[in-house]
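A quick write-up on the structure given underneath.
Read-outs throughout are calculated quantities, based only on the coordinates presented, and are distinct from any laboratory measurement. Note that the structure is a prediction, hence the values are computed from the model and not measured. When we count neighbours, we look across all protein chains shown, and the Cβ atoms used for this are built from the backbone with ideal geometry, even at glycine.
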């Protein structure tokens with residue numbers, strides 16, 4: 001855990017530690033305020049686990065032959 005002032009003056013070290021040992025927490029006025037991640041950890045965090053196609057293909061409703069009808073109550077404008 002790093003104090004903000006210390007993290008600012010030693011940013012290179014904070015980044016190195018994030019790459020070697022995982023996320024580094026930065027505290028501001030004694031309160032956890034930010035986290036420095038390695039780029040690899042960031043990519044793992046934001047990358048979807050599976051594509052939308054894979055998600056839909058793994059649905060328990062696949063093959064259930066559910067019929068879906070559109071309601072005529074709401075219509076799109078023909079602009």
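A few notes on this one:
- The label point for residue 9 and the one for residue 25, both projected 7 Å from the Cα toward the Cβ, are 2.3 nm apart.
- Among 22, 63, 12, residue whose mean-square fluctuation peaks in a GNM of the chain (springs only between Cα atoms under 10 Å): 63
- Selected from 48, 60, 23 as most flexible by GNM, with the chain as the system and alpha-carbon contacts under 10 Å: 60
- Helix 11-21 axis versus longest C-alpha principal axis of the chain: approximately 60°, rounded to the nearest ten.
- Of the three principal axes defined by the Cα atoms of the chain, the extents in descending order read 62, 33, 25 Å.
- For the chain, the mean residue ellipticity at 222 nm estimated from helices alone is -10500 deg cm²/dmol, where every DSSP H run of n ≥ 4 contributes -39500 (n - 2.57) and the total is divided by all residues, rounded to the nearest 500.
- For the stretch 16-72, the relative contact order comes to 21 percent (Cα pairs under 8 Å, sequence separation of at least 6).
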